[in-house]
Amino acid sequence: MKLLTHNLLRSTVKQAKSGGYPLQIEATKVEVQSADFNAEFVQTMLDRLNWDAFCRAASQLAPMAGEVHLPSSVSAENKADEAFLQHVHHWLLEVVVLEGFLVCPDTGRKFKITNGIPNMLLRDDEL
């Protein structure tokens, strides 16, 4: 699971009071996989990301995937800085959680990640 995907996911457990977002990451296996850099794509995604959730997720994975150097907000200067865009690209598209869990911040419900795929299916009592 890439952090781009993580930024879009939320828990839909009926007991989730804040909308089940953002999910916490408990990774047991992380891999860095090379991906072609596209500055225009990263610039476009910057306007669509929940930046705080993205920074928090990168910080949770830092012990397994390297140092994080992300500002608390994104400025126009950041969007024009290729080094910044490459760093965001790395965290957004190259860092992959292969094994672990996504945890609902409201209920503590854990969703298993296997082979990079989060299983977000709910049990009947959670619907």
Exercise for review: Within region 89-115, track down each residue that is surrounded by fewer than 18 Cβ atoms within 10 Å (Cβ to Cβ) and part of a strand (DSSP E or B).
Suggested key: Leu98, Glu99, Val103, Lys110, Lys112, Thr114
Check your understanding: Restricting attention to region 36-84, and to residues there that are among the hydrophobic types (A, V, I, L, M, F, W, C) and over 16 Å from the mean Cα position of the chain (by Cα), which single residue is surrounded by the fewest Cβ atoms within 10 Å (Cβ to Cβ)?
Key -> Ala76
Check your understanding: Restricted to region 98-114, and to residues that are over 16 Å from the mean Cα position of the chain (by Cα) and not acidic (Asp, Glu), which residue is farthest from Val13 (Cα to Cα)?
Key -> Gly108
Check your understanding: Is there any pair with a first residue in region 1-13 that is free of Cβ contacts under 8 Å to residues at least 12 places away in the same chain and closer than 11 Å to Met120 by Cβ and a second that is assigned to a loop (DSSP other than H, G, I, E, B) and not polar (S, T, N, Q) whose Cβ atoms are under 9 Å apart and which are 6 or more apart or on different chains, and what are they?
Key -> none
Exercise for review: Those residues that are within 12 Å of Phe101 (Cβ to Cβ) and more than 9 Å from the chain's Cα centre (by Cα), I need them from region 1-23; list them, please.
Suggested key: Ser11
**Study point:** Residue pairs meeting the criteria (Cβ under 8 Å; at least 6 apart or on separate chains; first under 18 Å from Val68 (Cβ atoms), in region 32-50; second surrounded by 14 or more Cβ atoms within 10 Å (Cβ to Cβ) and charged (D, E, K, R))
**Key:** Val32/Glu94; Gln33/Glu94; Ala35/Glu94; Leu46/Lys79
Check your understanding: Pick from Lys17, Lys29, Lys79: which is part of a helix (DSSP H, G or I) and either within 16 Å of Lys112 (Cα to Cα) or charged (D, E, K, R) (or both)?
Key -> Lys79
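Values in this text are rule-based calculations from the coordinates and carry no lab data. This is a predicted model, so every value here is computed, not measured. Neighbour counts run over all protein chains shown; Cβ positions are idealised from the backbone, glycine included.
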